[in-house]
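Here's the structure we're looking at; comments come further down.
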Amino acid sequence: MLEGKTAIVTGSTSGIGLGIATAFAAQGTNLVINGFGNRDQIEDIRSGLEKAHGVKVVYHGADMSKGAEIADLIAGTERDFGHIDILVNNAGIQFVSPIEDFPIDKWDAIIAINLSASFHAIRAAFPGMKARKFGRIINIASAHALVASPFKSAYVAAKHGIAGLVKTVALEGAEFGITANAICPGYVDTPLVRAQIPDTARARGISEEAVISDVMLAGQAIKEFVQIDQVAALAVYLASEQAKTITGAMLPIDGGWTAR
Ligand code: NAD
């Protein structure tokens, strides 16, 4: 279905991004993967995807907090593959703190990586997509693009910002065969989620077990973490021909959290 297309998946050395990259590779999509981590492990991921699925996979180490490096990621992909069909803006970080203590550098980093990086990537990829009259822009936002939780001011602000960006880009891309959407997962079982359990426990003065049962999954009607492959399957669908009239949408995959 997506054979021969080219996708960039930012933040794909771990978690949801790695799952999405793997799902696209399984569709025959050539890939640019990105993200931090151990060089040998990243090379194992890159070559493993190539061998398992017979696609071309390139790693680009752009720091998604830096506009110039994002521009190079897009230009390098166009150079290596000739075109970008699918752009998955997934890289993200989290920090949890009451707002009066929220470190300013953490605010700046979250806004840069979780919001501005998508702007820089879309801005640079848009001319090529317009010229080819095809593009699929998929942002991995969050249920926190639709509702808030305490102690996550920067993350919630950045993800709500993604909602505005996606809707605007959907309108600008409509006549050029470009769709832009956001997937809004609830709690997915990944390193990012695991890492915020101790901070949330400290901020709320409760145990780590209580953070999982009473905080993280409290809002979800379905008391299960969302699985990475479920998010990846939705991303693959949004990239497909069948999804060509889905645009400007914020799509929850959150066990009913935002239904309340
Ligand atoms: P993760 O920590 O497992 O992976 C994050 C990825 O982003 C890694 O590859 C990391 O190297 C990369 N990254 C971080 N900073 C970067 C930077 N400056 N430049 C380039 N790459 C960078 O996290 P995850 O849980 O897989 O999260 C992925 C996305 O999904 C994020 O945008 C997150 O907000 C969103 N999300 C996650 C959940 C969840 O429950 N895990 C829920 C909703 C939304």
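So is LYS133 under 16 Å from the mean Cα position of the chain (by Cα), farther than 20 Å from LEU73 by Cα, at pLDDT 95 or above and not β-branched (Val, Ile, Thr) or not? The answer is no for LYS133. Listed by position, the helices (runs of 4 or more DSSP H) enclosed by the stretch 138-241 that each have at least 1 residues that are at pLDDT below 95 and more than 12 Å from the ligand (Cβ to nearest atom) are 191-204.
No other residue among PRO103, PRO127, PRO150 is open to solvent by 10 Å² or more (accessible area, probe 1.4 Å), under 27 Å from GLY82 (Cα atoms) and out of contact with any Asp or Glu (no Cβ under 9 Å at 6 or more places or on another chain) apart from PRO127. Determine whether the stretch 7-21 contains at least one residue that is farther than 18 Å from LEU192 by Cα and open to solvent by 20 Å² or more (accessible area, probe 1.4 Å). Scanning the stretch 7-21, I find no residue that is farther than 18 Å from LEU192 by Cα and open to solvent by 20 Å² or more (accessible area, probe 1.4 Å), so the answer is no. Mind checking whether some residue in the stretch 72-88 is within 15 Å of the ligand (Cβ to nearest atom) and open to solvent by 40 Å² or more (accessible area, probe 1.4 Å)? Yes, the conditions are met somewhere in the stretch 72-88. Of everything listed in (1) more than 9 Å from the ligand (Cβ to nearest atom); (2) open to solvent by 40 Å² or more (accessible area, probe 1.4 Å); (3) closer than 23 Å to PHE126 by Cβ, the single unmet condition for ARG39 is (3).
Mind listing whichever residues of the stretch 22-36 are open to solvent by 40 Å² or more (accessible area, probe 1.4 Å) and hydrophobic (A, V, I, L, M, F, W, C)? Within the stretch 22-36, ALA26, PHE36 meet the criteria.
When ILE228 is tested against (1) over 23 Å from GLY37 (Cα atoms); (2) open to solvent by 10 Å² or more (accessible area, probe 1.4 Å); (3) in contact with an Asp or Glu (Cβ under 8 Å, 6 or more places away or on another chain), exactly one condition is not met: (1). A single member of GLY256, GLY205, GLY248 is touching a residue at least 60 places away in the same chain (Cβ under 8 Å), open to solvent by 10 Å² or more (accessible area, probe 1.4 Å) and on the phi > 0 side of the Ramachandran plot, and it is GLY248. If you go through the stretch 1-36 one residue at a time, how many are more than 14 Å from THR77 (Cβ to Cβ) and either in contact (Cβ under 8 Å) with a residue 60 or more places away in the chain or within 15 Å of the ligand (Cβ to nearest atom) (or both)? Within the stretch 1-36, residues that are more than 14 Å from THR77 (Cβ to Cβ) and either in contact (Cβ under 8 Å) with a residue 60 or more places away in the chain or within 15 Å of the ligand (Cβ to nearest atom) (or both) number 16. Whenever a residue of the stretch 98-120 is free of Cβ contacts under 8 Å to residues at least 24 places away in the same chain, its partners that are more than 11 Å from the ligand (Cβ to nearest atom) and among the polar types (S, T, N, Q), lying with C-beta atoms within less than 8 angstrom and at least six residues away or across chains, give the pairs PRO103/SER97.
The values are calculated or read from the model by the stated rules, or taken from the named source; none is laboratory data. Model, not experiment: these values are computed from the prediction. Heads up, the Cβs are rebuilt from the backbone with ideal geometry, glycines too, and the neighbour counts pull from every protein chain shown. The accessibility values were calculated without ligands, DNA or RNA, using every heavy atom of the protein model including side chains. Shrake-Rupley method; radii C 1.70, N 1.55, O 1.52, S 1.80 Å.
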